[in-house]
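Visitor: My structure is below; once you've seen it, I'll send some questions.
The values are calculated or read from the model by the stated rules, or taken from the named source; none is laboratory data. From a predicted model like this one, the values you see are computed outputs, not experimental measurements. Don't worry about glycine lacking a Cβ; one is built from the backbone with ideal geometry, like all the others, and counts go over all protein chains shown. Quick note on the areas: whole protein, heavy atoms, side chains included, nothing else; ligands and nucleic acids left out. Shrake-Rupley method; radii C 1.70, N 1.55, O 1.52, S 1.80 Å.
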Amino acid sequence: MAVRSTETGAFAVCIAVGAGARLWNLSGQIFGGDEFHAVRAALILPVSSLYATYQQADPSLPLATYGGLLLAAGLPLSDLALRVPVLVAGVAAVGLLPLLARRWIGHTAALLFAALLALSPNLVLYSRIARPYMPIALLAPVAAFLFLAWWQRQGGLGRLGGYAMAAAAASYFSPLAGPAAAAPLLYGLGDVVLRRGRGASARRGLTELGLAGAALAALVALFLVPGWESLWEIVSSKQGGGTFRTRGMLSAPRLAAGSEHWPVAVLFWGVAAWGALVLWRRSRSLSLLCASLVTVHLGFLAVVQPLGVQDSVVLNRYLIVLLPILLLAVACGLGDLIARLPATGRLAPGLSVILLTVGWVAAGPLVQFPYRAGSFAHHNAEVVFTIPPSTLRLPEIYERLDGDGALLEFPWPTEWFFGRAYPVYQRAHRRPVLVATDERVFHDDRLALRTLVRPEPADLLASRARWLVVHLDLMGEWSPRVGRQRALRLRRSGERLASRLERLWGPPDHRSMAPGPRIAVWDLDRLRSRAGK
């Protein structure tokens with residue numbers, strides 16, 4: 001009883017630590033990049049269209065539909081509300097995946113698995129980003145574990161139904177997860193062919209596989225048939241749109257390992273390789289099931305080469321469905337290595353786990369400024385933490401701003417690529433950052449993002465920012481090689497707002513002009529004080 005209580009307490013600690021890591025500084029994170037796809041869709045389309053209309057800018061149909069349902073219920077789209085589905089998926093993975101795998105890997109490895117899931121930088125970050133990657137990283141392994149339990153007669157139709165629902169949900173969140181979600185069927189077919197041979201046993205196995213496949217197909221049809229035409233159009237345009245490149249391939253091992261340092265990655269993968277052997281000895285069925293999932297998903301990516309796969313951040317997202325399987329192997333390897341330590345006391349295994357976990361986290365991005373106190377931890381350049389930080393220098397005008405208040409940056413282009421200067425600047429000035437965008441769709445009153453402000457004088461003054469920083473030529477500050485039309489539009493947007501505010505508020509408190517960055521800054525506290533007199 002005492003052992004069981006200790007184990008339960010350890011799992012509870014892992015879940016609490018995982019939840020804390022995912023909630024840390026979350027309210028200060030700026031929405032940007034692909035996160036806006038679902039927001040834009042929810043604001044524009046009715047719910048009746050959201051659930052089965054695939055779009056070129058993939059909003060993830062469940063997330064877009066969820067946003068539409070919030071609006072239909074009269075609720076605003078707040079930061080936390082929009083991120084609830086991925087947060088729930090991230091925390092659920094810490095508790096649910098080890099619980100499902102424990103019957104095959106044992107209690108110690110299951111606890112280690114929970115600790116790794118709780119603090120994996122990739123899983124932590126994608127549990128905070130309103131995109132479908134954490135949900136599919138949860139649902140595909142859940143589907144695999146439930147299928148294996150059902151296949152081994154460890155559960156009845158409930159396990160089968162759970163597999164079909166989890167696999168269908170993974171495919172709904174992202175069609176790219178479909179092959180991985182269906183991979184257990186391939187495992188089952190191999191098991192029938194290699195182990196059952198011919199006769200009644202084989203026929204029964206094929207019948208059961210047909211039942212599982214039919215259940216999955218029926219659930220997938222609920223959203224696939226209504227959206228087939230739009231999905232086919234998207235698949236046709238994105239298939240073969242990418243090519244694997246060396247940079248992305250070299251980043252992948254370190255991203256999976258959760259550290260930019262090659263020695264940590266090599267050690268991580270070494271333990272994973274050992275853990276794969278340990279898992280093979282403990283449970284060949286689970287080992288083969290995991291191998292089928294990995295083979296099917298990697299084979300699918302290699303054949304299809306979807307759009308953006310050459311980019312390290314996109315490749316990382318495509319591979320995240322396999323990360324829990326990799327962490328499972330690492331947990332098995334660690335558990336075996338710890339068991340081989342000299343028996344120096346009952347606390348030795350626990351202390352070993354703590355020291356290894358602390359060392360792993362210290363070598364990764366969760367201790368660095370963007371995650372600890374920054375506003376752009378979800379920026380593509382921060383998520384792909386293996387890429388060296390930009391050498392872009394902080395404009396001198398920022399050094400003139402006294403006090404500790406937040407900065408309100410304008411214009412915010414919403415796409416991570418065009419807004420890459422702001423997170424680089426924040427690494428230097430270390431102030432909280434809010435943003436304002438001129439994209440009219442995001443001025444909707446139904447949108448209530450804590451870090452997004454409408455560029456109207458009254459809204460700017462009502463914000464919690466101390467300084468308003470208007471960039472008159474944002475793209476000129478870091479000279480991108482693409483996006484000239486976007487650069488021109490952002491420059492005109494900054495110039496228009498600065499001219500308007502100068503007519504209304506008077507000259508800016510600070511100004512920097514060419515040949516350096518062209519920036520105008522107003523002290524919002526001074527303007528508020530003047531308005532209050």
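Visitor: Quick one: dipole size for the chain, taken about the Cα centre, charges +1 on Lys/Arg Cβ and -1 on Asp/Glu Cβ, in debye to the nearest 20.
Guide: Once rounded to the nearest 20, the dipole reads 840 debye.
Visitor: Right, next: Based on the alpha-carbon gyration tensor of region 70-185 and its eigenvalue square roots a ≥ b ≥ c, which shape applies: rounded if a/c is under 1.5, prolate if not and a/b is larger than b/c, or oblate?
Guide: Oblate.
Visitor: Whole-Hz Karplus ³J(HN,Hα) for region 125-136, in order, using 6.51 cos²θ - 1.76 cosθ + 1.60 and θ = phi - 60°, x for Gly and Pro?
Guide: Result, rounded to whole Hz: 5, 7, 7, 10, 9, 6, 9, x, 6, 5, x, 6.
Visitor: Which whole-angstrom value gives the distance between the alpha carbon centres of region 362-378 and region 466-533?
Guide: Cα centroid to Cα centroid, the span is 28 Å.
Visitor: Using a/c under 1.5 as the rounded threshold, could you call region 1-127 rounded, prolate or oblate? The axes a ≥ b ≥ c are square roots of the C-alpha gyration tensor eigenvalues, and prolate needs a/b larger than b/c, oblate otherwise.
Guide: Prolate, since a/c reaches 1.5 and a/b exceeds b/c.
Visitor: Each residue of region 281-288 in turn: what ³J(HN,Hα) in whole Hz from Karplus with 6.51, -1.76, 1.60 and θ = phi - 60°, glycine and Pro shown as x?
Guide: Ordered by residue, 3J(HN,Hα) equals 6, 7, 8, 5, 5, 5, 4, 5 Hz.
Visitor: Oh, and also: With a 1.4 Å probe and all protein chains in place, put Trp269, Trp150, Trp478, Trp274 in order of accessible area, largest first.
Guide: Largest accessible area first, the list is Trp269, Trp274, Trp478, Trp150.
Visitor: Sorted by packing (mean other beta-carbon atoms within 10 Å per residue), highest first, where do 219-226, 434-441 land?
Guide: Descending packing order for the listed peptides: 434-441, 219-226.
Visitor: Highest mean first, what order results for 116-127, 495-506 on Cβ atoms within 10 Å?
Guide: Highest to lowest by the protection proxy: 116-127, 495-506.
Visitor: For region 384-511, what is the charge dipole size about the Cα centre, in debye to the nearest 20, if Lys and Arg each add +1 at the Cβ and Asp and Glu each add -1 at the Cβ?
Guide: In total the dipole reaches around 300 debye.
Visitor: Given that just one value was derived from the coordinates, which of (i) 87, 61, 44; (ii) 89, 48, 47; (iii) 92, 56, 53 is Cα extents along the principal axes in Å?
Guide: (i)
Visitor: Compute the acute angle (0 to 90°) between the alpha-carbon long axis of helix 228-238 and the principal axis of greatest extent of the alpha-carbon atoms of the chain; round to the nearest 10°.
Guide: Its long axis makes an angle of about 70 degrees.
Visitor: In terms of the Cα gyration tensor, with a ≥ b ≥ c the square roots of its eigenvalues, is region 431-533 rounded because a/c is under 1.5, prolate because a/b exceeds b/c, or oblate?
Guide: Oblate shape, in that a/c is at least 1.5 and b/c is the bigger or equal ratio.
Visitor: Whose amide H sits under 5 Å from the amide H of Ala448, counting only residues 5 or more places off or on another chain, with H placed in the peptide plane?
Guide: Those qualifying (amide H under 5 Å, at least 5 residues apart or on another chain) are Leu77, Ser78.
Visitor: While we're on this one: Taking only Cα atoms, what is the 0 to 90° angle, nearest 10, from helix 200-224's long axis to the longest principal axis of the chain?
Guide: 20
Visitor: Work from the charge dipole of region 381-499 (Cβ charges, +1 for Lys and Arg, -1 for Asp and Glu, about the Cα centre) and give the residue of Val482, Pro411, Ile397 farthest towards its positive end.
Guide: My answer, from the dipole projection, is Val482.
Visitor: Next question, about the same structure. Antiparallel versus total DSSP beta bridges in the chain: what percent is that, nearest 5?
Guide: Beta bridges within the chain, antiparallel portion: roughly 40 percent.
Visitor: I would also like to ask the following. Would you mind putting 82-95, 303-316 in packing order, based on average other-beta-carbon counts within 10 Å, highest first?
Guide: Peptide ranking by packing, descending: 82-95, 303-316.
Visitor: Still on this structure, I have one more. Nearest 10 degrees, 0 to 90: what angle lies between the long axis of helix 178-191 and the longest principal axis of the chain (Cα atoms)?
Guide: 10
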